[in-house]
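Nothing in this text is a laboratory measurement; each read-out follows from the coordinates by a stated rule. Everything numeric here is computed off the predicted structure, so don't read it as measured data.
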Amino acid sequence: MSYAVVIVNWNGAADTLECLASVFAGSVNAVAIIVDNGSTDGSVAHIDAALAVQGVSLSRGTPASLPRIGNETRAVLIEAGENLGFAAGCNLGLRAAVAADFAVTVFLNNDTVVEADALERIVQRLASTPRCFVCLPMLTVHGSDRIWNSGGEIYRIGLRRYHLAGRLRADGARRGEIRCSFFTGCCFAIRTADFLARGGFSERFFFGEEDFELALWMKARGESAICLTSAVVQHKVSASFSAAAGPRQNAKVTIYYLNRFIHMRLRLGGLRWALWLAVVLPYTAALLWRSGTVGTAALPSYFAKLVRRARAMDGVSRADFEAVMAGQW
């Protein structure tokens, strides 16, 4: 059974090509749908030329004219023409998967390397389990034997607990399968029709929070996910986000918390959000203090600004994201 693999690229052709090579090496059934989010580094030409050398025929299209995906197609490239953000880029790929009538779609970060038949395994496991909404692989830190993510549990109040994070991959392998209510958007398989009916990823946040929002949505509806630990994908953790942040790595932290605070305000409402803040703020302050991300003297003003912005905003747009990345928030 052929399936779509949606990969969003933004100024990361080298990572994307390494990712694609691992996908093609591990599966004859995978059809890559590459969404280029308005790259300015020549990514489109680089990907086109590299795949031509490898003998991979590439169809190209735009959001207004999606490429035709035939029986022999292995890769298509959709040029968004602008940076849509991660969620919207994935949703553009989803529309192409729907148009081509793929029953299953895999969403895969471009900064990953897929081991052996990992994608085949999660697609087959999903297909064989009607009550499973999502199937994901075990994610390891690229080039190491440490687990980065194998799912976890999410709670309605916005807290989560990870399974096996930082443990040896052998520990995960012994588990076989792990039922989970939380998973990262880095790699997972889902029935295309199910995700389309849900509306794909939320585009309320330009970058980040889409997997957290999806997990809480699933939790509310009693949907489940399975992490298949025999399927392994290596992840170059935060490669694309770090590149976007450049010298302002602290901006990543601000985006993370701004997304989360807005999301939980919208989900919980005024009074419950205030109670949530009373619990979360001291914990978050301790984390930032220990990491050295925000100095002790700056913490009160940092959180005052964060809460003020989160109270006034209903999402994080591209302009908001770019302002934070530029240190102008």
Cα convex hull of the range 109-236: how many Å³ per residue?
105 Å³
What Kirkwood radius, in Å to one decimal, follows from the Cα pairs of the range 246-325?
13.1 Å
Only bridges whose two residues both fall in the chain count here: according to DSSP, what percent of them are antiparallel, nearest 5?
45 percent
Roughly how compact is the chain, stated as its Cα Rg over 2.2 N^0.38 Å to two decimals?
0.99
Expressed as a rounded percentage, what relative contact order does the range 128-174 have, with Cα pairs under 8 Å and six or more residues apart?
30 percent
With an 8 Å cut-off on Cα pairs and a minimum separation of 6 or more residues, tell me the relative contact order of the range 246-325 in percent.
56 percent
Let a ≥ b ≥ c be the square roots of the eigenvalues of the Cα gyration tensor of the range 1-119; is it rounded (a/c under 1.5), or, if not, prolate (a/b larger than b/c) or oblate?
rounded
Rg(Cα) of the range 105-177 divided by 2.2 N^0.38 Å?
1.17
Given the convex hull over the Cα atoms of the range 184-312, what projected area results after averaging over all orientations, in nm²?
9.9 nm²
How high is the relative contact order of the chain? Use alpha-carbon pairs under 8 Å, at least six apart in sequence, and give a whole percent.
17 percent
